[in-house]
Amino acid sequence: MRTRTDNASQIAALRKRGVRLVASGTVFIGPEVSAARLAAGVTIHPGCRLDGASLAIGPGCVLGEEGPVTLRDCQLGARVRLRGGSFDHATLLDDVDAGPCAHVRPGTLLEEHASFAHSVGLKQTVLFPHAVLGSLINFCDCLMAGGTGADNHSEVGSSYVHFNFTTHQDKATPSLLGDVPRGVLLDQPPIFLGGQGGLVGPCRIAYGTVLPAGRICRQDVLTPGQLVAAPPLNSGQRPYDPRRMGNVARRVANNLCYFGNLLALDAWWRTARARFARASWQRRCHAGALLRLEEMFDERMKRLDQFAQKTAQASEEDAQAFITAWPALCRTLRVRIDARIAVRPPACVATVLDGVGVETDYQAWICRLTPARKRILASWLQSVVDTIATAGGRRYAVENPAE
């Protein structure tokens, strides 16, 4: 059983590191937490709880200024502000700002300057730099890109829901807002999802899309720069057959596209991002991001397999075709995922990345890339996406949004 004396030794070790504890008697530090993994200048407010051997916190972070924070096996970059809530197996990069009453679960990766207000739930969520979420939002099983900076960012309005659970009780529903090959270059139009609305996964949403407040979107939007006022469901009542799965081919294609984008993001982190992981806390965030991506691969495989089991009971020809194709497709996905660590970028990409030199600011480096170099990187990442997106053959071919 944990004793007050044990916790006191942890508190003393943190103070020696230069961590500021506002009311140390109310803070719990788990026995697995290493003081060496917390940077000087971290501030911990009353009521916080820190657990986990992989916990790492960068300089200037502030925990619990508006309510207690529970932090378990997370990695935080520099100047992260967690105002209150629960964070479990998540990686949050520099200047992430999270409002109170947060519920952040495993598989969450928030990149630089991403932020959200109060009462937001995230799980298996990726937000690219500067993405903003309002309050009272459930945004699980999504990847959101778009925007160029603080004054031109993708945003999700308050009271928004990504619907990730179907009437067939499956979660093969990840939605892709933007993409990885162009999203990492921080030069695409932002995406806006209006408040008190929802997105029914799995959907693909192109850059520059605006979904008005109060609307539920149930469709892919593959043409950039569209205002999409989705019509409401037909009114009235009609028979419902739970054995009918709907458009199985579209769901499988969108899942494969999401897989491919995760694979591209993993390649980006292992190559470009790795070059900026120099300080100890940056290296820990880099390792944490790769762990989050591993969790995402596992989750998507699990959910697709569950979907295949549900589909086995369906009567449509479309569903039966997927059941026949799934064993071979499953093996292909696992082989590609397992092989990702050994993959090396082509020489033209390596030349671009070798130009990092003594650069220390990841976003500044991207913004200074020439259009020609950006095209080289985007083409390479798209080729990584395509290795998965085309794995299902013509039946599950993915339509690429217009440039």
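May I ask you to evaluate 6.51 cos²θ - 1.76 cosθ + 1.60, the Karplus curve with θ = phi - 60°, for each residue of segment 154-170 and list the ³J(HN,Hα) values in order in whole Hz, giving x for glycine and proline?
6, 9, 10, x, 4, 6, 9, 10, 8, 7, 10, 9, 9, 5, 8, 6, 10
Counting each DSSP H run of 4 or more residues in the chain as -39500 (n - 2.57), what helix-only mean residue ellipticity at 222 nm follows after dividing by all residues, to the nearest 500 deg cm²/dmol?
Taken over the chain, the calculation gives -11000 deg cm²/dmol.
Apply the Karplus parameterisation 6.51 cos²θ - 1.76 cosθ + 1.60, with θ equal to phi minus 60°, to every residue of segment 171-180 and state each ³J(HN,Hα) to the nearest whole Hz, in sequence, with x for glycine and proline.
10, 7, 10, x, 10, 10, 10, x, 7, 7
Treating only the Cβ of Lys, Arg, Asp and Glu as charged (+1, +1, -1, -1), what charge dipole size does the chain show about its Cα centre? Round to the nearest 20 debye.
In total the dipole reaches around 620 debye.
Relative contact order of the chain, please, whole-number percent, based on alpha carbon pairs below 8 angstrom and at least 6 residues apart.
Value for the chain: 10 percent.
Starting with the highest mean, order 73-86, 340-353, 26-39 by the number of other Cβ atoms within 10 Å, averaged over the residues of each peptide.
73-86, 26-39, 340-353
Please label the shape of segment 4-217 as rounded, prolate or oblate, based on the square roots a ≥ b ≥ c of the eigenvalues of the alpha-carbon gyration tensor (a/c under 1.5 means rounded; beyond that, a/b larger than b/c means prolate, else oblate).
prolate
What percent of all Cα-Cα pairs in segment 93-153 falls into each 10 Å bin, going from 0 up to the bin containing the maximum distance?
26, 61, 13
Roughly speaking, what is the stretch gain from ARG238 to SER280, that is 0.36 nm per residue apart minus the C-alpha to C-alpha distance, in nm to one decimal?
9.1 nm
Label segment 248-396 by shape, choosing from rounded, prolate and oblate, from the square roots a ≥ b ≥ c of the eigenvalues of the Cα gyration tensor; if a/c is under 1.5 it is rounded, and otherwise prolate applies when a/b is larger than b/c, oblate when it is not.
Verdict is prolate for segment 248-396.
So how do 61-69, 149-157 stack up, highest first, on mean other-Cβ count within 10 Å?
With the highest mean Cβ count within 10 Å placed first, the list reads 61-69, 149-157.
Per the Cauchy relation, a quarter of the hull surface: what is the mean projected area of the convex hull of the alpha carbons in the chain, in nm²?
Taking the Cα atoms of the chain, their convex hull projects to 21.1 nm² on average.
Compute the Rg/Rh shape ratio of segment 138-251: radius of gyration over Kirkwood radius, all on alpha-carbon atoms.
My calculation of the ratio gives 1.00.
How high is the FRET efficiency from ARG375 to THR324, r the C-beta distance, R0 45 Å, rounded to 0.05?
E(calc), rounded to 0.05, equals 0.70.
Return the long-range amide H neighbours of ALA102 (sequence gap of 5 or more, or a different chain), with a cut-off of under 5 Å between placed amide H atoms.
The list, which skips near neighbours in sequence, is GLY84, GLY85, SER86, SER119, VAL120.
Can you tell me how segment 190-269 classifies by the Cα gyration tensor, rounded, prolate or oblate, using a/c under 1.5 as the rounded cut?
oblate
Provide Rg and Dmax in Å for segment 165-209, with only Cα atoms included in the calculation.
Rg and Dmax of segment 165-209, Cα atoms, are 12.7, 38 Å.
The numbers here are math on the coordinates, done by the rules we state, and not lab data. Quick caveat, the model's predicted, so the values are computed rather than measured. Note that we place each Cβ from the backbone using ideal geometry, even for glycine, and neighbour counts take in every protein chain shown.
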